[in-house]
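Quick one: structure below, then a few questions.
The values are calculated or read from the model by the stated rules, or taken from the named source; none is laboratory data. Treat the numbers as computed from the prediction; the structure is a model and nothing was measured. We place every Cβ from the backbone using ideal geometry, glycine too, and count neighbours over all the protein chains shown.
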Amino acid sequence: MQRAKILGLLAVPMLATPVAAMAAGTGSSLDKADGTGRRDVSNGVESVHVNAKSGPSGENPDGQVWWTLKTTTGTETVVASVTCLEVTGNQADVDAVVTRSDSSVTAVGNTMVVRIIDNGQPGTTDMFGTDFGTPEFPAFLDQSRCDGTVVDARSRGNFVVQDAT
């Protein structure tokens with residue numbers, strides 16, 4: 001019986017070590033913005049889904065943005081490739097170039113900007129805003145950083161913004 005107690009006591013630190021190491025974690029080496037949101041607009045419901053990542057200084061941005069507008073006459077869809085991600089705390093600005101569009105709002109080659117605010121759990125109060133531009137008048141004017149747009153207080157979603165550590 002004494003031997004079983006000793007073995008049990010020895011096993012406890014070994015089991016606790018991985019948990020402690022995970023809890024101490026070093027954080028992510030990437031900036032990320034992921035999630036989905038929606039808002040009512042004058043002619044329907046706008047939805048946006050974002051999967052974006054980059055290095056901690058915005059290098060090597062990658063990902064996609066999916067935008068839809070559902071109206072009484074149908075659904076318009078836009079897909080865009082991420083060209084810039086800038087994360088500061090709980091806010092992310094995502095710039096993208098449209099790669100597919102069946103929308104009257106924008107065309108392939110045009111630009112798109114999404115600003116996300118992650119207000120924490122449970123994620124129902126996260127907000128976003130979107131804007132579109134053209135090659136002549138892009139939604140993002142300063143190529144050295146990501147441009148944002150106004151966040152619509154009527155928007156709701158569940159986004160996770162991660163600032164690299």
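So, in the stretch 146-165, exactly how many residues are surrounded by 13 or more Cβ atoms within 10 Å (Cβ to Cβ), modelled with pLDDT under 85 and in a loop (DSSP other than H, G, I, E, B)? Working first, answer last.
Let us first name the residues in the stretch 146-165 that are surrounded by 13 or more Cβ atoms within 10 Å (Cβ to Cβ), namely 146-149, 151-152, 155-164.
Restricting the remaining residues to those that are modelled with pLDDT under 85 gives 146-149, 151-152.
Imposing the further condition that a residue be in a loop (DSSP other than H, G, I, E, B) reduces the set to 146-149, 151.
Residues that pass the stated criteria total 5.
Can you name the residue in the stretch 65-83 that is closer than 17 Å to Val160 by Cα and in contact (Cβ under 8 Å) with a residue 24 or more places away in the chain and, of all such residues, is surrounded by the most Cβ atoms within 10 Å (Cβ to Cβ)? Step through it out loud before you land on a result.
Within the stretch 65-83, the first condition is being closer than 17 Å to Val160 by Cα, and the residues that meet it are 65-66, 82.
After this cut, where a residue has to be in contact (Cβ under 8 Å) with a residue 24 or more places away in the chain as well, the list is 65, 82.
Numbers: Val65: 25, Val82: 23.
Across the stretch 65-83, the extreme among qualifying residues is Val65.
Could you grab me the full set of residues in the stretch 64-87 that are among the polar types (S, T, N, Q) and within 12 Å of the chain's Cα centre (by Cα)? Quick ask: steps written out before the conclusion?
Of the residues in the stretch 64-87, the ones among the polar types (S, T, N, Q) are 64, 68, 71-73, 75, 77, 81, 83.
Listed by number, the list holds a single entry, Gln64.
While we're here: Report, ordered by the first and then the second residue, all pairs with beta carbons closer than 6 Å, sequence separation of six or more or different chains, a first member in the stretch 98-110 that is touching a residue at least 40 places away in the same chain (Cβ under 8 Å), and a second member that is of a type in the set (S, T, N, Q).
Going by the 6 Å Cβ cut-off, there are no qualifying pairs.
Mind checking which residues of the stretch 94-126 are hydroxyl-bearing (Ser, Thr, Tyr), in a strand (DSSP E or B) and surrounded by 14 or more Cβ atoms within 10 Å (Cβ to Cβ)? Working first, answer last.
Kept after step one, since they are hydroxyl-bearing (Ser, Thr, Tyr), are these residues of the stretch 94-126: 99, 101, 103-104, 106, 111, 124-125.
Within this subset, residues satisfying the condition of being in a strand (DSSP E or B) are 99, 101, 111.
Those that are hydroxyl-bearing (Ser, Thr, Tyr), in a strand (DSSP E or B) and surrounded by 14 or more Cβ atoms within 10 Å (Cβ to Cβ): Ser101, Thr111.
Filter the stretch 21-30 down to residues that are of a type in the set (S, T, N, Q) and at pLDDT 50 or above and give me whichever is surrounded by the fewest Cβ atoms within 10 Å (Cβ to Cβ).
Taking the stretch 21-30 as the starting set, the residues that turn out to be of a type in the set (S, T, N, Q) are 26, 28-29.
Those still in the list that are at pLDDT 50 or above too: 28-29.
On the way: Ser28: 13, Ser29: 9.
My answer is Ser29.
Let me confirm something: among Val48, Val65, Val82, which residue is modelled with pLDDT of 95 or more, outside any helix (DSSP H, G or I) and in contact with a Pro (Cβ under 6 Å, 6 or more places away or on another chain)? Reasoning before the result, please.
Values: Val48 fails: in contact with a Pro (Cβ under 6 Å, 6 or more places away or on another chain); Val65 fails: in contact with a Pro (Cβ under 6 Å, 6 or more places away or on another chain).
After applying the criteria, what remains is Val82.
If a residue must be over 11 Å from Val160 (Cα atoms) and surrounded by fewer than 20 Cβ atoms within 10 Å (Cβ to Cβ), how many such residues does the stretch 31-46 contain?
The total comes to 8.
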